[in-house]
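Taking it in order: structure first as structure tokens, then the write-up.
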């Protein structure tokens, strides 16, 4: 298990709502409505962000605030308020959205604040049909506002949709963007034959991206840092789809890992929360102690990993492990391509 303390304090993940306008089959996020449809109050979010930014961070100057859901664009007023409040700080907002609620007005606002934000567009092949023009029309709006270079595509490869994934990659290469964030569908069943096909699929995708080199993917000037981040991701811990960072779920509960926003862990969440953002004053000292005592933080993250092993059924864990190994090889292929860019 590889844990980076620097990585942990670099970002804050906020599940801003459990509302979503889609029902993607492979989405593992807990969108339970035990407390109804929830949107976190922007005042409480702002207080949490302010506290997070006040904690000393020596690794670099820029911090990351990840806003996700549910579908965060359904809470547009909160997004506008938070970005405008912290636009001058050394903060980069990363908004993960399915894109279905975006329009030209919203994209124009995002373009205005391009220096402090990135957009991750989650493309589900079951919801974005390759043959229709909705996805292309959305990308055209990005292009019309000169925002397309800030778009990353988050693509989930499903067991039965691998051929369509190749078609989608070719389409997105043609239309333009910043990068792919490609991953297999974790926490679902894959046959041995489907896993073998996945290796071939990832190799084909690596070749597609490698052949293009830097033609459409915009790389930072510090390429060594890009390789560092990719290499760090290639050696991620054994919990798929999880950011090891301070995480706030849609009820406002605070955790040391994104594992607790997955629906598989909803029945044990209360045992492991640090506190709630509505009473942030009660848990600031606990968070500061984690900051000042790296050993305590590592124990927390190792406990999260143990919880994963205890909670997820063995057959699914084995498939997840196979998928992670295949995915690491794919990421390493990408690192090879990036290191040869002049």
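The values are calculated or read from the model by the stated rules, or taken from the named source; none is laboratory data. In this text the structure is predicted, and so the values were computed from the model without any measurement. Quick reminder, even Gly has a Cβ in these numbers, built from the backbone with ideal geometry, and neighbours come from all protein chains shown.
Odds and ends about this structure:
- Filter result for residue 298 (touching a helix residue (DSSP H, G or I) at 6+ places or on another chain (Cβ under 6 Å), assigned to a helix (DSSP H, G or I) and either modelled with pLDDT under 85 or surrounded by 19 or more Cβ atoms within 10 Å (Cβ to Cβ) (or both)): no
- Selected residue [touching a residue at least 24 places away in the same chain (Cβ under 8 Å), under 24 Å from residue 312 (Cβ atoms) and surrounded by 15 or more Cβ atoms within 10 Å (Cβ to Cβ)] from 135, 195: 195
- Tally of residues being crowded, with 18+ Cβ neighbours inside 10 Å and either more than 28 Å from residue 57 (Cβ to Cβ) or more than 18 Å from the chain's Cα centre (by Cα) (or both) across segment 88-99: 2
- Among the residues of segment 237-268, the ones that are assigned to a helix (DSSP H, G or I) and in contact (Cβ under 8 Å) with a residue 12 or more places away in the chain come to 9 in all.
- Residue identified as closer than 22 Å to residue 261 by Cα, in contact with a helix residue (DSSP H, G or I) (Cβ under 9 Å, 6 or more places away or on another chain) and not in a loop (DSSP other than H, G, I, E, B) among 138, 121: 121
Matching residues to (1) at pLDDT below 80; (2) touching a strand residue (DSSP E or B) at 6+ places or on another chain (Cβ under 9 Å); (3) within 22 Å of residue 64 (Cβ to Cβ); (4) crowded, with 21+ Cβ neighbours inside 10 Å:
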| position | (1), (2), (3), (4) |
| --- | --- |
| 220 | yes, no, yes, no |
| 226 | yes, no, yes, no |
| 230 | yes, no, yes, no |
| 234 | yes, no, yes, no |
| 245 | no, yes, yes, no |
| 261 | no, yes, yes, yes |
| 267 | no, no, no, no |
| 285 | no, no, no, no |
| 294 | yes, no, yes, no |
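- Test: residue in segment 75-83 that is at pLDDT 90 or above, over 20 Å from residue 11 (Cα atoms), surrounded by fewer than 16 Cβ atoms within 10 Å (Cβ to Cβ) and touching a helix residue (DSSP H, G or I) at 6+ places or on another chain (Cβ under 8 Å): yes
- Hey, residue 95 part of a strand (DSSP E or B), modelled with pLDDT of 90 or more and within 21 Å of residue 258 (Cβ to Cβ) or not: yes
- Scan of segment 5-50 for residues that are in a loop (DSSP other than H, G, I, E, B), modelled with pLDDT of 90 or more and farther than 15 Å from residue 261 by Cβ, ordered by number: 41
- Among the residues of segment 161-189, those identified as more than 18 Å from residue 133 (Cα to Cα) and either in contact with a strand residue (DSSP E or B) (Cβ under 7 Å, 6 or more places away or on another chain) or at pLDDT 80 or above (or both) are 178, 179, 180, 181, 182, 183, 184, 185, 186, 187, 188, 189.
- Residue ID - modelled with the lowest pLDDT, chosen from residues in segment 301-312 that are in a helix (DSSP H, G or I) and surrounded by 18 or more Cβ atoms within 10 Å (Cβ to Cβ): 301
- Count of segment 98-112 residues which are on the phi < 0 side of the Ramachandran plot and in a loop (DSSP other than H, G, I, E, B): 5
- The number of residues in segment 269-280 that are in contact with a strand residue (DSSP E or B) (Cβ under 9 Å, 6 or more places away or on another chain) and assigned to a helix (DSSP H, G or I) comes to 4.
- Being within 30 Å of residue 55 (Cβ to Cβ) and in contact (Cβ under 8 Å) with a residue 60 or more places away in the chain holds for only one residue in 183, 158, and it is 183.
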